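Notes to accompany the following structure.
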């Protein structure tokens, strides 16, 4: 494989992208910094196919990233391969309003191959290539220039290793006929809605004990204010105000701006400055949350009750047995909220009662809750048994 020197000019990048645009797949990774900012600062983009690999410096003066971004989000003929790529996709979405598509995430694929729910990149490389990844540069400040050869080599290795792993993984998926299991998961990961940041929805990430409409209305307004302040100033949300602070402000609103000096977690200067004034405006103009937006008491689904909780526990045990038997990560087969909904009597709209999940697990899960399946111990091992067989 030919590994290019660090690309810092538009012409070289455009030529690379023209060649890569005819590939069956490209592997993609990014290096970024976000500890001190609201928006992740993109510092390096690595990309490879089976023949060549390169690192691109998005911080190089005058470099035009459009050919690379077009390849990632507009070329439907090239599969984009990532590993645990959520943050990489978020960065691309922030730049383009789109996400890479079609997409293949090797961490998700590993779940279908019995390699755990969140296999790390280093363990994946070791499992497929027998290579121990050099972690010496993992704490690099990628925003600093110049980058030395060791840092660039470390970064490019992420995509060169992945370009060798993906065909091996794809072959195993074909051999086990599990490739189709991943289609839904990959489409879900590539859904741009996962990465759209709506200030009006920011309140949902904040825990608050109150269920009063006026308190939740204030929480929505304050969380929106914080999101706008943080994004405008490019500071982490917590630097503006921590979650517990805005929850306290929503539940116990100050009567006047001067009272902000008494609020734990806020600077005393907010009692008289502009940011404090904007916060007070958000609090004072907040309206009670309408009934249509009020969160349910149990958003996981219908109430279980004591017996239902026991049935849910049995379903989780069944899930472990089934996942063990077919060598797949339990999380790919079913999620806890689906099991609890099934135990509570829900049948419509559950992923485990549809498609391949129904064939592999859902049918048995339904039989268990409806009395057609039970547990037995044979030879010291826990097994499933049909009640008619018993």
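Rule-based calculations on the coordinates, nothing more; no lab input. All values reported here derive from a predicted model rather than from experimental measurement. No Cβ is skipped: glycine too gets one built from the backbone with ideal geometry, and neighbour counts run over all protein chains shown.
Determine, from the Cβ-Cβ distance of residue 285 and residue 307 and an R0 of 41 Å, the FRET efficiency 1/(1 + (r/R0)^6), rounded to the nearest 0.05.
0.30
Please give the Cα centre distance for segment 129-194 versus segment 18-95, rounded to the nearest Å.
Cα centroid of segment 129-194 versus Cα centroid of segment 18-95: 12 Å apart.
Regarding segment 1-89, what are the three Cα extents along the principal axes, ordered largest first, in Å?
Here the Cα extents, ordered largest to smallest, are 38, 28, 24 Å.
Would you please classify the overall shape of segment 40-135 from the alpha carbon gyration tensor, given that a ≥ b ≥ c denote the square roots of the eigenvalues, rounded means a/c under 1.5, and beyond that prolate means a/b larger than b/c while oblate covers the rest?
prolate
Pop out the Kirkwood hydrodynamic radius of the chain from its pairwise C-alpha distances, inverse of mean 1/r, in Å to one decimal.
Radius from the Kirkwood sum: 24.5 Å.
Pull up the DSSP beta bridges for segment 1-138 and report the antiparallel fraction as a percent, rounded to 5.
Given both bridge residues lie in segment 1-138, the antiparallel proportion sits at roughly 55 percent.
Rounded, prolate or oblate: which one fits segment 199-285, using the alpha carbon gyration tensor with axes a ≥ b ≥ c (rounded when a/c is under 1.5, else prolate when a/b beats b/c, else oblate)? Numbers along the way, then the final one.
Numbers: a/c = 1.57, a/b = 1.12, b/c = 1.40.
It comes out oblate by the Cα gyration axes.
Using 7 Å Cα-to-Cβ label points, what is the residue 274/residue 131 separation (nm, one decimal)?
Placing both labels 7 Å beyond Cα along the Cβ direction yields 5.1 nm.
So how do 305-318, 87-100, 351-364 stack up, highest first, on mean other-Cβ count within 10 Å? Intermediate results must be reported in sequence, preceding the final value.
Values: 305-318: 15.3, 87-100: 19.4, 351-364: 17.6.
Top of the packing list down: 87-100, 351-364, 305-318.
With n ≥ 4 as the cut-off for DSSP H runs, can you work out [θ] at 222 nm for the chain, using -39500 (n - 2.57) per run divided by the number of residues, rounded to the nearest 500?
Details: 15 runs with 170 residues, N = 390.
Roughly -13500 deg cm²/dmol at 222 nm, from the helical runs in the chain.
Rounded if a/c is under 1.5, else prolate if a/b beats b/c, else oblate: with a ≥ b ≥ c from the C-alpha gyration tensor eigenvalues square-rooted, which is segment 305-386?
oblate
If I histogram all Cα-Cα distances within segment 2-194 using bins 5 Å wide from 0, what percent of pairs lands in each bin?
1, 8, 16, 21, 22, 17, 10, 4, 1, 0
With the contact rule set at Cα under 8 Å and sequence spacing of 6 or more, what percent relative contact order holds for segment 11-140?
Values: 171 pairs, mean separation 24.8, N = 130.
Computed over segment 11-140, the figure is 19 percent.
Would you mind getting me the FRET efficiency between residue 64 and residue 376? Use the beta-carbon distance for r and R0 = 51 Å, nearest 0.05.
The value I calculate is 0.20.
When the chain is fully extended, how far beyond the present Cα-Cα distance does residue 363 get from residue 317, taking 0.36 nm per residue of separation?
Contour length minus Cα-Cα distance gives 15.1 nm.
Nearest 5 percent is fine: what portion of the DSSP beta bridges confined to the chain is antiparallel?
Roughly 65 percent of the beta bridges in the chain run antiparallel, per DSSP.
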